[in-house]
Amino acid sequence: MLETRELTVRFGGHTAVDRVSCRFEAGTLTAIVGPNGAGKTTYFNLVSGQLRASSGRVLLGGADIGGLSAPSRTRRGLGRAFQLTQLFARLTVHENLRLAVQAREQGRPGGGTALDLLRLWSARRAWIDEADALLHQVQLRAQRDALAATLSHGDQRKLEVALLMALRPRVYLFDEPTAGMSADDAPVVLGLIRALKARPEVCILLVEHKMDVVRELADRIVVLHQGAKVAEGEPAAVIASPVVQQAYLGRAAGAAA
């Protein structure tokens, strides 16, 4: 579904991502872990097109998308949720979702080339209904008509996940989706990710610092350290490996947990 080959980015003399090669299959969830500054978010930025690679390739469904912009990659089926929420703050919760659904539909062949924000929404009943269904899934129906800017941090995170779901990507990239969320809000987002993981046509990449979340959700772990991939495999084996114990957990191999 998704592959990076020798993916590298340099900022001056600093190599932030160093020749990272990984394959991500449909029907799997891969956790990308590592200490702060390991290059996890930068790797996501390279995959999703927010950054242009210094060298290496990004392939989606076997096609090289390294030369495409971030919006073009989204239209190809690559969806990204960020550490910091990316919302239309002055629009309502429902309007945010309606626009996401409309953008997806108009981005399809024959769907139109531009958003017409003045078009009567009553003429697009299916978009409205889909937005309402998504609000129900993320438990935001009570906030339907609230401005996105007025939502709590946890509700903003839930809305961003709903926006990503509205785009129906083939590949989901979640960058610390529960960061800063309350104990009540986090299970909602994790439940949505768990449901997405059950779909065999979907591929999920997850950057997450909470190892209990990684252990529960991940089929595979990739460990980055100083921009390079240092370990990869099933969660139990990777977490127990000496390189992860030292680089990620900050203790020498054999030390007590």
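For the chain, build the charge dipole from Cβ charges (+1 Lys, Arg; -1 Asp, Glu) around the Cα centre, then report which of 78, 218, 172 sits farthest towards its positive end.
My answer, from the dipole projection, is 78.
Taking every DSSP beta bridge with both residues inside the chain, roughly what % is antiparallel (nearest 5)? Show your work: numbers first, answer last.
Numbers: 20 of 37 bridges.
The antiparallel proportion sits near 55 percent.
Hey, can you find the accessible area per residue of the chain for me, probe 1.4 Å, expressed in square angstrom?
Per-residue value: 47 Å².
Take region 1-92, drop everything but the C-alpha atoms, weight them equally and run the Debye formula without solvent; then report log10 I(q)/I(0) at 0.12, 0.13, 0.15, 0.17 Å⁻¹ to two decimals.
-0.39, -0.46, -0.61, -0.77
So, counting K/R as plus one and D/E as minus one, what does the shell of residues with Cβ under 10 Å around residue 6 add up to?
+2
Give, rounded to the nearest 20 debye, the magnitude of the charge dipole that the chain has about its Cα centre when Lys and Arg contribute +1 at Cβ and Asp and Glu contribute -1 at Cβ.
580 debye
Could you sort 58-66, 38-46 so that the peptide with the highest average Cβ count within 10 Å comes first and the rest follow in order?
38-46, 58-66
So if R0 is 30 Å, what FRET efficiency would residue 219 and residue 55 give, r being the distance between their Cβ atoms, rounded to the nearest 0.05?
So the FRET efficiency works out to roughly 0.55.
Which one of 192, 15, 153 is farthest out on the positive end of the charge dipole of the chain, using unit charges on Cβ (Lys, Arg +1; Asp, Glu -1) and the Cα centre as origin?
About the Cα centre, the residue reaching furthest to the positive side is 15.
Over the chain, what is the relative contact order in whole percent, taking alpha-carbon pairs under 8 Å and six or more residues apart? Intermediate results must be reported in sequence, preceding the final value.
Details: 460 pairs, mean separation 72.2, N = 257.
Relative CO of the chain lands at 28 percent.
Give the carbon-plus-sulfur fraction of the accessible surface of the chain in %, rounded to a whole number; probe 1.4 Å, heavy atoms of protein chains only.
Looking at the chain in its full context, I get 52 percent from C and S.
Roughly speaking, what is the centre-to-centre gap between region 128-189 and region 59-104 when only Cα atoms are used, to the nearest Å?
14 Å
The values are calculated or read from the model by the stated rules, or taken from the named source; none is laboratory data. No experiment lies behind these values; they were computed from the predicted model shown. Don't worry about glycine lacking a Cβ; one is built from the backbone with ideal geometry, like all the others, and counts go over all protein chains shown. Accessible surface areas use protein heavy atoms only, side chains included; no ligands, DNA or RNA. Shrake-Rupley method; radii C 1.70, N 1.55, O 1.52, S 1.80 Å.
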